[in-house]
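These notes concern the structure reproduced below.
The values are calculated or read from the model by the stated rules, or taken from the named source; none is laboratory data. Just so you know, these numbers come straight off a predicted model, no measurement behind them. Backbone-built Cβ (ideal geometry, glycine too); neighbour counts: all protein chains shown. Ligands, DNA and RNA are stripped out before the accessible areas are found, and what is left, the full protein with its side chains, is counted by its heavy atoms. Shrake-Rupley method; radii C 1.70, N 1.55, O 1.52, S 1.80 Å.
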Amino acid sequence: MSLGALQLTNYAIPILVIPLLISKIGITNYGLISLAQGVINILVTCCEFGTNLTGTRHIAEEPENKDRITGITGRILVLRASLLLAAFPIFLLLVLIIPQWRGEFLLFTSSFTLVVGQALFPIWFFQGIQKMQFITIINFSARILYV
């Protein structure tokens with residue numbers, strides 16, 4: 001049920017918000033926001049580095065082994081934080097080098113907060129311990145804040 005609610009919010013909220021957003025800011029500005037989101041999605045994928053799959057699998061193998069879970073969680077968070085710290089200067093350099101992006105510096109740099117949130121939110125942990133309700137609540141809250 002939680003996964004169904006999660007998917008519903010992932011699809012329903014954009015369907016409701018996008019027409020309103022386009023009418024308020026115009027198609028050109030919407031295109032800039034979409035470009036920023038596309039770049040951010042690439043960075044999120046780089047910072048996740050497949051840990052959503054492997055982390056979930058390792059946690060689910062022995063959910064009662066607290067020492068193992070602590071070790072896995074620590075390693076994954078260090079890896080993600082390291083990738084995040086490596087991604088930011090590269091992203092900042094791209095924003096400063098590409099003239100069209102430089103003109104939208106605030107948009108691009110503020111969008112990077114999504115990378116930070118995704119990199120540090122342990123969705124894989126909650127999937128591994130099968131607490132999908134928490135993920136649904138956090139995702140829904142973030143979507144409402146987005147709106």
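Summary table below
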quantity	calculated
Label corresponding to log10 I(q)/I(0) by the Debye sum over Cα atoms at q = 0.10, 0.14 Å⁻¹ when calculated from the structure given, among (i) -0.43, -0.80; (ii) -0.35, -0.69; (iii) -0.62, -0.85	(i)
Solvent-accessible surface ranking, highest first, for 94, 107 at 1.4 angstrom	94, 107
Accessible-area value, residue 102, 1.4 Å probe, nucleic acids and ligands omitted, Å²	120 Å²
Mean residue ellipticity (222 nm) of the chain, computed from DSSP H runs ≥ 4 via -39,500 (n - 2.57), nearest 500	-29500 deg cm²/dmol
For the stretch 3-82 and the stretch 84-109, distance of Cα centres in Å	20 Å
Point-to-point label distance, residue 113-residue 60, nm (Cα→Cβ direction, 7 Å offset)	3.3 nm
Positive minus negative residues near residue 54 (Lys, Arg vs Asp, Glu; Cβ under 13 Å)	+1
Nitroxide proxy distance, nm - points 7 Å out along Cα→Cβ at residue 35 and residue 79	3.4 nm
Protein accessible area in the stretch 11-113, 1.4 Å probe - carbon and sulfur %	72 percent
Total formal charge among the other residues, if their Cβ is under 13 angstrom from that of residue 83, Lys/Arg +1 and Asp/Glu -1	+1
Loop GluC sites (Glu not before Pro), the stretch 46-147 (other Cβ atoms within 10 Å of the site Cβ: 15 or fewer; DSSP)	64
Probe 1.4 Å, all protein chains present, accessible-area order of 84, 120, largest first	120, 84
Helical segments meeting 18 Å axial Cα length and Kyte-Doolittle -0.5 threshold in the chain (DSSP H)	2-25, 27-48, 66-97, 105-120, 132-146
